[in-house]
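This report concerns only the one structure given below.
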Amino acid sequence: MVLSGAEIVIRCLQEEKVEYVFGYPGGAVLFLYDALFQQEKVRHVLVRHEQAAVHAADGFARSTEKVGVAMVTSGPGATNAVTGIATAYCDSIPMVIISGQVPVAAIGQDAFQEVDTVGITRPCVKHNFLVRDVRDIATTMKKAFHLARTGRPGPVLVDIPKDVSMQRCEYEYPKEVSMRSYNPVTKGHSGQLKKAVQLLLEAKRPMIYTGGGVVLANAAEQLTKLTRLLGYPITNTLMGLGGYPSSDRQFLGMPGMHGTFEANMAMHYSDVLLAVGARFDDRVIGNPAHFAEEPRKIIHVDIDPSSISKRVRVDVPIVGDVKDVLDEMIRQIESGEARPNPDALASWWKQVEQWRERKCMVYKNSDEIIKPQFVVQKLWEVTGGDAIITSDVGQHQMWAAQYYGFDKPRRWLNSGGLGTMGVGMPYAMGAKLANPDMPVACVTGEASIQMNIQELSTCKQFRLPIKICNLNNRYLGMVRQWQELFHGGRYSESYMDSLPDFAKLAEAYGHVGIRVDRPGDVEGALREAFTTYKNELVFLDFQIDQTENVYPMVQGGKGLTEMILSAEDL
Amino acid sequence: MRHVISLLIENESGALSRVSGLFSARGYNIESLTVAPTEDFSMSRMTIVTTGSDEIIEQITKQLNKLVEVVKVVDISEAAHLERELMLVKVRATGKDREEIKRTADIFRARIIDVTDASYVVELTGNQGKLDAFIGAIDPALILETVRSGVCGIGRGDRVLKV
Ligand SMILES: Cc1cc2nc3c(=O)[nH]c(=O)nc-3n(C[C@H](O)[C@H](O)[C@H](O)COP(=O)(O)OP(=O)(O)OC[C@H]3O[C@@H](n4cnc5c(N)ncnc54)[C@H](O)[C@@H]3O)c2cc1C
Ligand SMILES: Cc1ncc(C[n+]2csc(CCOP(=O)(O)OP(=O)(O)O)c2C)c(N)n1
Ligand SMILES: [Mg+2]
């Protein structure tokens, strides 16, 4: 069948069972948009800014097991998409981004709306392609989806010159791809696996530390099974929350800079640390030299060899897919005789419980002023702990992570690696489209939400009844906190002046806006949002305590055991 | 420590910038980088000379392997290997310097491949040390320009880098 390049692109999307493309049209993608128009299988979501298109596709991917797809025009369309692409890259999210390019003959001529998209995005994609020949489109698309979802997932960009999208050729979608240069390992090395299991079973102070890799591998079930089988304490990184049920006794909370005392102490003083799909980020282990002072054996399971022994020396590296590797560990333990030493484990738990007794997550609530932690707790109650929660970046992000207990994976969507303010609402849009029957709430701050506030319009057009919980402290709170603690209280440019009336703003876009000033009104407002206005977008503008800080905290350069637990520790 | 890394990479446009971009983005050193297609035109072979601690070299090889177009990577300096570099030197050659340069070239087994009444172009291959020594042996005032290819490397004996 002979088709145009543009028609081939859309056919490929159909073959990949893509339901939604998030995008924004322009000159270089006119043929692509024309082809989209003439079919009904792939639906297009018109955002108001290309950054939001990529974030929304990313949110769609994070909340499902699917590849997110975005489409942008050349030049400014592509540059606007870059932040979104880099955000997805840093958290290993599978995406395909299709960008228009000027015609092949115009490339390099400083043509109108020409930028070197492949060059600009090269450092923040898993891979990218410039398609110079219409006959290469189908195989390139097939490769793009394959690369995005296999191995360590990531965004893949396909740049298509306008003339290539117009030219015609015979179309057939390849059934398979093979790339001699790309063969990610999935099964763990059996010798290493045996060593790991033995080490784990002999441990006296074992700790399980897991991250985004568990969520990406859809291996929460395996992780839960293994952890219960062993009876060991476990922590999930910010990206790994929901990988293990947070309501379970074995769960110690999040590790790292704003993690719990017990998780950090147990990480630090463990004698065997099983790291699964987590990359020893600087916000997790603090000062690596301090972390290395305590001798412990580390087993590290990761599909990307370059994640292993990058920041800490690993004793038993296992390159492979989390799901396969955990399945094999479970099989080996179940079929063997050896079990963890009950006495050692009991005394280790006794120690862990003592750390937990410090109750580092307790905060001082108030009857007069709304505490952000209280809002998140109420959000948890009102949604039965079973909503998809997205977040932006700042203090509110940490409070959401700390106080909304995630029991299931793919319920917590946030930008961990790049820390991109402005992801919250687009993530919620993508998540809501992917999960129309699930409640979706975006916990944000008054600064972050303004980075993509224009998407309130998209939400109206596509009837996306998400709930925006704005923890409004009239400050770039996270910046203010650092200035308070480390810059002598000089609040340089961290005050958010001239804020809009968010409730009215939401109303202007055709949504429901509610301003909440008193602690006593928090629950009621939330209930209203999720029941009375179930089918509406509700913007809840919570006026919270301006001075509240995020604790516990490991300051930059400090070790995991050197935590500030509360303001009193200062 | 100095390492010589050899790799095979798909012969696609932009492949080189993926490699050089990786080095600059992650702050790795490149002392030299050479690249040309192999006997199989769909693939290029690159030799990269770099320096770094063991941890850094481990990361470099892992990161290179991670590039989608890279087919194979080896650190050939981990075992017996050969290194060769080509250098062309244009020297001022007049009067008694003409004989002197010719003699020095002979000692180094270099060849004079271009002659004018005022200059020679000398071609020399060898490892980096030999090339450096040749430069050292010539009066700097006579050197008009030099161009070096960067190191090409290959493992000795049974060690073969092939798909
Ligand atoms: C304001 C702010 C504060 C923060 N504070 C904290 C904090 O206190 N605590 C905290 O934990 N984080 C914190 N972060 C997040 C932090 O920056 C990192 O993003 C996060 O810790 C990384 O999580 P991760 O190690 O799980 O890795 P991810 O980035 O999720 O990486 C996943 C790893 O799993 C691997 N992987 C992927 N798929 C598979 C598979 N199928 N099989 C095997 N392996 C796979 C990948 O190769 C990668 O190595 C903060 C971020 C911000 C913005
Ligand atoms: C795009 C972007 N610019 C700047 C920053 C740096 N930054 C991190 S948190 C923060 C303040 C966020 O303020 P707000 O959204 O109100 O959240 P709060 O910390 O007050 O809860 C800033 C500016 C960032 N993460 N992203
Ligand atoms: Mg704020």
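Readers should treat all values here as calculations from the given coordinates under stated rules, not as data from a laboratory. The model shown is predicted, which means the values in this text are computed figures rather than measured ones. Because the Cβ atoms are built from the backbone with ideal geometry, glycine has one as well, and the counts that use them run over all protein chains shown.
Could you give the distance between the Cα centres of the range A:378-418 and the range B:99-148, to the whole Å?
Value for the Cα centre distance between the two parts: 69 Å.
What order do you get for B:55, B:69, A:455 when you list them from fewest to most C-beta neighbours inside 10 Å?
B:55, B:69, A:455
Any chance you could list the semi-axes, whole Å, largest first, of the equivalent ellipsoid that the Cα gyration tensor gives for the range A:2-170, using √(5λ)?
Ellipsoid semi-axes (Å, largest first): 21, 18, 15.
Jot down the radius of gyration and Dmax of chain A, Cα atoms only, both in angstrom.
Radius of gyration, then largest Cα-Cα span, for chain A: 24.3, 74 Å.
Using a 10 Å cut-off around each Cβ, can you sort A:182, A:209 from fewest to most neighbouring Cβ atoms?
Fewest-to-most Cβ neighbours within 10 Å comes out as A:182, A:209.
Please compute the average number of Cβ atoms from other chains found within 10 Å of each residue's Cβ in peptide A:123-135.
Across A:123-135, the average partner-chain Cβ count within 10 Å equals 2.
What's the average, rounded to a whole number, of partner chain beta-carbon atoms within 10 Å of each residue's beta-carbon in A:310-320?
1
Specify, per residue and in Å³, the volume enclosed by the convex hull of the alpha carbon atoms belonging to the range A:89-182.
It comes to 100 Å³ per residue, whole-number rounded.
Given a cut-off of 18 Å, what percent of all Cα-Cα pairs of the range A:510-570 lie beyond it?
Here the long-distance tail beyond 18 Å is 55 percent of all Cα pairs in the range A:510-570.
Quick one, can you get me the convex hull of the C-alpha atoms of chain B expressed as volume per residue in Å³?
It comes to 140 Å³ per residue, whole-number rounded.
Listed here are the pairs A:126/A:408; A:175/B:66; A:204/A:371; which of them are more than 29 Å apart at the Cα?
Long pairs (Cα-Cα over 29 Å): A:204/A:371.
What are the GluC sites (Glu not before Pro) within the range A:241-347 that DSSP puts in a loop, where the Cβ has at most 15 other Cβ atoms within 10 Å?
Passing sites in the range A:241-347 are A:337.
As a quick test, which of the pairs A:195/A:350; B:102/B:130; A:187/A:225; A:17/A:187; A:225/B:62 have an alpha carbon distance above 22 angstrom in this structure?
A:195/A:350; A:17/A:187; A:225/B:62
Report, for the protein assembly as shown, the % of DSSP beta bridges that are antiparallel, rounded to 5.
45
Provide the convex hull volume over Cα atoms per residue for the range B:2-78, in Å³.
78
Return the average number of partner chain Cβ atoms within 10 angstrom of each residue Cβ along peptide B:7-13.
2
About the Cα centre, and with charges only on the beta carbon of Lys, Arg (+1) and Asp, Glu (-1), how big is the dipole of the protein assembly as shown? Nearest 20 debye, please.
The calculated dipole for the protein assembly as shown is roughly 1040 debye.
Quick one: putting +1 on the C-beta of Lys and Arg, -1 on the C-beta of Asp and Glu, what dipole do you get for the range B:95-151 around its Cα centre, in Debye to the nearest 20?
Charge dipole of the range B:95-151: 220 debye, to the nearest 20.
Are there any trypsin sites (Lys or Arg not before Pro) in the range A:158-265 that are in a DSSP loop and have at most 15 other Cβ atoms within 10 Å? List them by number.
Of the trypsin sites (Lys or Arg not before Pro), the ones in loops of the range A:158-265 whose Cβ has at most 15 other Cβ atoms within 10 Å are A:175, A:180, A:187, A:204, A:249.
Can you work out the FRET efficiency for the pair residue B:42 and residue A:460, with r the C-beta to C-beta distance and R0 = 56 Å, to the nearest 0.05?
Taking R0 as 56 Å, the efficiency between residue B:42 and residue A:460 is 0.60.
Return, for the Cα atoms of the range B:82-152, the radius of gyration and Dmax in Å, separated by a comma.
Looking at the range B:82-152, its Cα Rg and Dmax stand at 11.4, 38 Å.
What area, in nm² and to one decimal, does the C-alpha convex hull of the range A:372-550 cast on average over all directions?
9.6
Eigenvalues of the Cα gyration tensor times 5, then square-rooted: what semi-axes does that give for the range A:190-356, in whole angstrom, largest first?
20, 19, 16
Give me A:532, A:121, A:186 sorted ascending by neighbouring Cβ count inside 10 Å, so fewest comes first.
A:532, A:186, A:121
From the convex hull of the Cα coordinates of the range A:124-255, what is the mean projected area in square nanometres?
Mean orientational projected area (the range A:124-255, Cα hull): 11.4 nm².
Among A:432-442, B:142-152, A:383-393, A:360-370, how do they line up by average Cβ neighbours within 10 Å per residue, starting with the highest?
A:383-393, A:432-442, B:142-152, A:360-370
Please report Rg (one decimal) and Dmax (integer) in Å for the Cα set of the range A:424-481.
12.3, 38
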